[in-house]
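To start, the structure itself, in C-alpha cells.
The values are calculated or read from the model by the stated rules, or taken from the named source; none is laboratory data. Quantities reported herein were computed from a predicted structural model and do not represent experimental measurements. Here the Cβ positions follow ideal geometry from the backbone for every residue, glycine too, while neighbour counts run over all protein chains shown.
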Amino acid sequence: MNTTLGLVGLIVLVALVLGVIWVARQKRRQHARTQELREQFGPEYERAVSVYGEQREAEHELVARKARVEQLHIKSLSSEQSMRYARQWRDVQAQFVDDPEQAIAEADRLVVEVMQARGYPMVEFEQRAADVSVDHPDVVEHYRAAHHIAVRSARAEADTEDLRQAMVHYRSLFDELIDARATMEVRNEAA
C-alpha cells in the first residue's frame, strides 16, 4: 500500500513539475511574442492595447494585421513612380498657399493613390490605416491625424493652422510610402 501511495505521489509530483515547466514556457513564448510585436509596431502597439482594452486582444489584432498584409504583396515603387509622385506632392504643397482646403483634399487623394500603387487595397480608412501600420508603424498616427483634420476640413471645421498640420502629417506618411530620397531629388530640381 505504501508503495502504491508513493508511486501515485511521485506521478502527481512529476505532473506538477511538468505543468509548471509548461506554464513557464508559455509565459516565455508570450513574452517573446509581446516583445516582437512591440518592436515591429512601436507606438501602434500601445494604441492597439488602448483601443482593444486588453493586451491579448490587441496582440491578436496586430498578428491578424500582419497576416493580412503579408497576403497583399505590397511592393516598392519604381524610382520613376516615386519621382512622379514627389512632383505631384510639390504641386499640392504649392496649391496650399492659395487654397489650403483643396490642397488637403488633394494630399489625401495623392496618399491614397500612392498606397494603391504600392498594393494596399482601397477599403475604408480604418482598414487602410491598420494595413499601413504593419510596415509603417511610426507614421500611421500621422496618417490618422491628417485624415481627421481632412474630415473636419470637409465640414468647414478646420482653421489654417489645422490644415498646415494636416499637410505635415500627410507628408510624413507620403515620404515613407514613396521613399523620401525621391522627394529630396525633386526639391533639388526646384531649387
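Within segment 41-80, how many residues turn out to be touching a residue at least 24 places away in the same chain (Cβ under 8 Å), over 14 Å from the mean Cα position of the chain (by Cα) and not in a helix (DSSP H, G or I)?
Qualifying residue count, segment 41-80: 5.
Being surrounded by 10 or more Cβ atoms within 10 Å (Cβ to Cβ), outside the structural domain of residue 138 (by TED's automatic domain parsing), touching a residue at least 60 places away in the same chain (Cβ under 8 Å) and aromatic (Phe, Trp, Tyr), is that true of even one residue in segment 15-37?
No, segment 15-37 has no match at all.
Inspect segment 14-34 for any residue being within 16 Å of the chain's Cα centre (by Cα) and in a helix (DSSP H, G or I) and give the result as yes or no.
There is no residue in segment 14-34 that is within 16 Å of the chain's Cα centre (by Cα) and in a helix (DSSP H, G or I).
Scan segment 81-119 residue by residue and report those that are under 19 Å from the mean Cα position of the chain (by Cα), within 22 Å of residue 149 (Cα to Cα) and buried (at least 16 other Cβ atoms within 10 Å of the Cβ).
Result: 107, 108, 110, 111, 114, 115.
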